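Okay, so here's the structure we're looking at.
None of the figures in this text is laboratory data; all of them are computed from the coordinates on show. As the structure is a computational prediction, the values presented were derived from the model and not from experiment. All Cβ positions, glycine included, derive from the backbone under ideal geometry; neighbour counts span all protein chains shown.
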Amino acid sequence: RCHHCPHLPVRPYDQSEKPCMLSEYTEKYPLYPTTRPRSSFKPEQAYKMAEIPMEGISTTKRTYIAHEVSPLKLKPPDKYVKSDENMDLTSTYKQDYNAYPITQVLPCIPCVTSHIPNVKMDTGTTYKGDYVQWNEPKTDMIRPDDRFRPSEEKFDHRTVVQDDYLYRGPVATQSCKPLNPAQKNKTPFENRTNYRVNYVPHPLEKPYVHKYEKYKPSEVPFDGLTTHKFSYKGLAGQPAKLIKPCPPKNDHLPFSSTTEFQEKYQVWPLLPVFTKKPDVYLPPVEKMDLHTTTQLHYKNPNGKPAKMCRTLVQREKSKPFDSSSTMKEDYKPWLCKKVEPIIHAPELTFPAKPMDCLTTFQAHYVPHPLTVTKSYKPGWSGPKDHILLDAKTTYATSYTPKGVVKCLASYKIPPGYVFEETDADGHSLYIPASKGDCLQDGH
């Protein structure tokens, strides 16, 4: 926020509400002038009207010539001759399909006679009759009696290792290391080696120190020539010729703006569209006859119906319908009786005492009172109030608080600066009291 001007310009002659766009970015990166894109050499697609008028004759008009069409000669209808006979209104359906008396057809299902016995129904099932509980004593469990019985003696809290492996103290062991049979020689040890005998140290010579001569400036003035200028001097010769062929110059001819496509594929001239003028409608002079052929020829004569020329078929009088069939005659219902269930006599006698409904688990596994074990955890002595908490942490000791530096542009009059002048954009310029650097508000 310190890189933009926070207020509007203060100039009295420029009263605009737009903010000042002066910033450090616009000062370092100014805008460069842009060039306009070059114009297109593509010709405009303008529609060119044909100068020759279009011929309004098509292929159909040339091939198919219109001929004169004469009106159709209609044959005059015959005159209607009214007949004296009456119309027969009977139909074939009424003669062939005569109505018969309707009789109800007996059902073909055989009658089933249900026999309802007077004896009381036995509600006992076969399962209850066959599978009866035996009256036998309960069998004991073959499960071994391995119930845990805790000892009444007091637990000493000793392990097997503590009982078997007792500490008997350090044991003095005798060293089995063999003695060194070598006898010590009383003569002093001669510490001479082949390296000391053969490689004798020689005295080192003093290193040669090169003495640098003092720099003496040359008394001859500097001519400014380099080795390249002195050795490689320019020789007089002809300049190199270009091998590139020179294009023919046609300065008198202007640049042709047409292309090969425009020269070969030219727009065809369009002829004007032929439009035929519609004929003028002339209403007919005669009045229209609204009578149809059906109304003129097919009239409703009030006469008798026509008689049927077909001979009537003499049919015998209808007999009652025989509803008997081969199924009814051959398969007649039988008179069957209901089969009674076979109930076996009870072979077991039920005990008079009621059932105790106890399972083997409930009978053998009787709940025992819980044994409360003693906790050997040492008791808590409580918090120690006399020890003070050390509130020092790594963060509190290492990271010391630092003051927030406030931007100088946020002050109306920045401390340590002296007001100098106001520029054309309305910015106040300040000069440090000690240095000559200039401070501008908003930067």
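With each pseudo-label sitting 7 Å past Cα toward Cβ, what's the C176-Y32 distance in nm, one decimal?
About 9.5 nm separates the two model spin labels.
Normalised radius of gyration for the stretch 43-199, please: alpha carbon Rg relative to 2.2 N^0.38 Å, two decimal places.
4.74
Calculate the spin-label point distance for V372 paired with T139, positioning each point 7 Å from the Cα along the beta-carbon direction, and give it in nanometres.
4.5 nm
For the pair K392 and K241, what calculated FRET efficiency results from E = 1/(1 + (r/R0)^6), where r is the Cβ-Cβ distance and R0 = 60 Å, to the nearest 0.05?
Working: r = 90 Å, r/R0 = 1.51.
For K241 and K392, the calculated efficiency is 0.10.
So if R0 is 45 Å, what FRET efficiency would Y331 and A352 give, r being the distance between their Cβ atoms, rounded to the nearest 0.05?
Values: r = 58 Å, r/R0 = 1.28.
After rounding to 0.05, the efficiency reads 0.20.
Under a cut-off of 29 Å between alpha-carbon atoms, report the lysines in cross-link reach of K42, not counting same-chain residues fewer than 8 places apart.
Filter leaves K249, K264.
Can you give the FRET efficiency for V285 and I57, using 1/(1 + (r/R0)^6), R0 = 25 Å, r = Cβ-Cβ distance, to the nearest 0.05? Spell out each step's value before the answer.
Numbers: r = 35 Å, r/R0 = 1.42.
Here the calculated transfer efficiency is 0.10.
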